Amino acid sequence: MPEKVLVAGTSTDVGLYFKLEPGWHIYWKNAGDAGEPPKISWTLPAGATAGSLQFPAPKRLPLGPLMDFGYENEVIFPVRLNADATLKSSTTAQLAANVSWIVCRERCIPGKAELAITVFTSDHLLKDIPLPGPDVALFKRFGSAMPQPLPASSKAIFQPTADGFRLALTTGQRETEATFFPEDPDALNNPAPQKLTPTPQGLVLDLKKGPYLQKELTELKGVIELSGGRAYDITALPGTVAAPAASATLLPLLRAAALAFLGGLLLNLMPCVFPVLFLKGLALVNSGHEDSHKLRRHGLVYTAGILVSFWALVGVLLGLRAAGSSLGWGFQFQSPVFLSLMAGLLFFLGLSLAGQFEIGLTLTSAGGSLAQKQGLTGSFFTGVLAVIVATPCTAPFMGAAVGYALSASPAVTFAVFTALALGLAAPYVALSLQPAWTRILPRPGAWMEILKQAVSVPIFATVIWLAWVLAGAYGASILAVLLVSFLLLAVAGWFLGRWPAKRWAVIVATLILLGVIAVSVFAPSQLSTASETLAPPEAQSLWQPWSPDAVSRAQAAGQPVLVDFTASWCLSCQVNERVALRTPQVEQALAARNVVLLKADWTRHDEAITQALTALGRSGVPAYALYTPGQVEPQLLPEVLTPGIVLEVLKPLPTRN
């Protein structure tokens, strides 16, 4: 307490002070999704009474899929002591309290203690009594964290929405930061993002209703924390809240769409997409001197293939999320069925490029009209294939844009992914819409056939990579089934190459292909899913498996932590690991700074990893988070790494002696 004197007829403050180990937290009066606040029971001298425990403004504390409200490091809970005229004067008295609390990290530990302090009582104010400096400094330090009453000039109202509440706060100035903590534990969905829209005189905050809220709220009571550490107790009454201005909500969308478009452009240079784009470039060379209208049609149909594929992918993703699944960018590569079908498709395409058979000749047997459509059909499905092979890659600018899109409304999600699709389609479309640019392309000739066969090499390399992913994630049994599928596909290709344009050969090949599809769909569920790791031993010794508890343990020990969110099917992840993270220079820098290295392997679906990515504002891999001692929020590294980027990020960390 600031003064160890209790004076009759006055009030004074005492406080319950906690100093916590790193990584541990205790709770606010509404603990959130788990936990309980501290409780205190007093034994006081006659004439003295204690008020209720007062709580400073809390912080949001994510814990896996849950969200707690509480405090880390240290906190003081003030209590107001009141002394009336019956308090005996010029005596010493003992203030005793029984305290209970719960402190949590990944696990929770209840605690209790009996505390007491001795005070001097008086019926009048005394002079020349030294004040205990540390107590005074403690109260001053935490005094600014106590929520203040909302000024009379300010106003808070709320309005129910389809899935929650819209809270409007008028403060007289534009507010750009806000977090609302409800007193009612059932009022809100605690982990859900709180969407802030600044207004000229305050803010509008969109809140999601709690899943267990049954009653109709007549008031929305709690604490709102604004920029600069300002915190206010508010009681918002029902009212009409105007929808946020379009300009305010449009700016984040335009920024995300611009980043997505740039990410789509750069996606063309990623190793997973470039071979497919190269094939389209060969087709453009072959038709570069045709009628300009035909070229434009090819470009538009190619774009349509990309757009339709992205829309279908986003539709499936949003549908599964609405059904309760937590999925992210590249989620289909977590399915052994998809991986098997994808590997088979690329193997079959590689056989055609290598010259075993010519797809175009087999289509002529279906009739002249189909042959005329073949070129546009090929453009459409090349766009589809580009999207399929693009999903295991994340280009620069994509991470933040996709993370924003998947946490927003369906309309925003489709808008951002449409921008991403247009960025992916842009280079080819630009050439097809400007026929004059095709004059710089070389003339068609025999070199094209040789180059086409050469392109089959990276296609087959991609097939080997997919087989490696399957074997590493799902075991050797499924790899054997995949190799049998390749054999059947080779037989189907032999029929198409030996008897081109023969209807019966097309029928035989089609039946074989249907058999391969059936095997790819049904075999994985019948085989063992025991996981094997194909990582080299040296990588295993440096990088340990990720878990929230592993991060907390390292932080509690005062060590920096680098988390690599990765997957075997993510080509960008594999490139980053070999080019940047596993270079001797970077490994030496990590060891010198005693950085704990954790790998969050998302090759197979892992709900905890998905939730961790969502908390970081990401929806897919690669993602890299550096947790620094003393910093609550981790630092996110770019999606594309170089040794220089990693070394620059590590530079501020102290080295070991």
Among the residues in the stretch 310-319, are any buried (at least 18 other Cβ atoms within 10 Å of the Cβ), modelled with pLDDT of 75 or more and more than 19 Å from the chain's Cα centre (by Cα)? yes
Residue that is farthest from LEU562 (Cα to Cα), among those in the stretch 578-599 that are touching a Ser or Thr at 6+ places or on another chain (Cβ under 7 Å) and surrounded by 17 or more Cβ atoms within 10 Å (Cβ to Cβ): ALA580
In the stretch 636-648, the residues that are over 19 Å from ALA591 (Cα atoms) and modelled with pLDDT of 85 or more: LEU636, PRO638
Only one of (1) modelled with pLDDT of 90 or more; (2) touching a Phe, Trp or Tyr at 6+ places or on another chain (Cβ under 7 Å) fails for LEU138. Which number is that? (1)
Counted residues, the stretch 214-245 - those being in a loop (DSSP other than H, G, I, E, B), among the hydrophobic types (A, V, I, L, M, F, W, C) and surrounded by fewer than 16 Cβ atoms within 10 Å (Cβ to Cβ): 3
Residues being of a type outside the set (Val, Ile, Thr), surrounded by fewer than 18 Cβ atoms within 10 Å (Cβ to Cβ) and either under 15 Å from VAL646 (Cβ atoms) or in contact (Cβ under 8 Å) with a residue 24 or more places away in the chain (or both): count how many of those fall in the stretch 617-633. 2
Within the set of pairs 6 or more residues apart or between chains, which connect a residue that is among the acidic types (Asp, Glu) inside the stretch 94-120 to a residue that is outside any strand (DSSP E or B) with Cβ atoms less than 7 Å apart? GLU106/PRO548; GLU106/ASP549; GLU106/SER552
Identify, from the list LEU61, LEU53, the residue that is without any contact (Cβ under 8 Å) to a residue 40 or more places away in the chain, surrounded by 14 or more Cβ atoms within 10 Å (Cβ to Cβ) and in contact with a Pro (Cβ under 9 Å, 6 or more places away or on another chain). LEU53
Suppose the filter is of a type in the set (Gly, Ala, Ser) and out of contact with any strand residue (DSSP E or B) (no Cβ under 9 Å at 6 or more places or on another chain); does GLY111 pass it? no
Name the helices (runs of 4 or more DSSP H) wholly inside the stretch 528-581 in which the number of residues that are basic (Lys, Arg) and either closer than 26 Å to ILE388 by Cβ or at pLDDT 80 or above (or both) is 1 or more. 548-556
Could you check the stretch 601-633 and list, in sequence order, the residues that are among the small types (Gly, Ala, Ser) and modelled with pLDDT under 85? ALA608, ALA612, ALA615, GLY617, SER619, GLY620, GLY630
Which listed residue is surrounded by 13 or more Cβ atoms within 10 Å (Cβ to Cβ), at pLDDT 90 or above and closer than 25 Å to PRO629 by Cα, from PHE69, PHE77: PHE69
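The values are calculated or read from the model by the stated rules, or taken from the named source; none is laboratory data. Just so it is clear, the structure is predicted and the values come from calculations on it, not from any experiment. Neighbour counts are summed over all protein chains in view; Cβ atoms, including those assigned to glycine, are modelled from backbone coordinates with ideal geometry.
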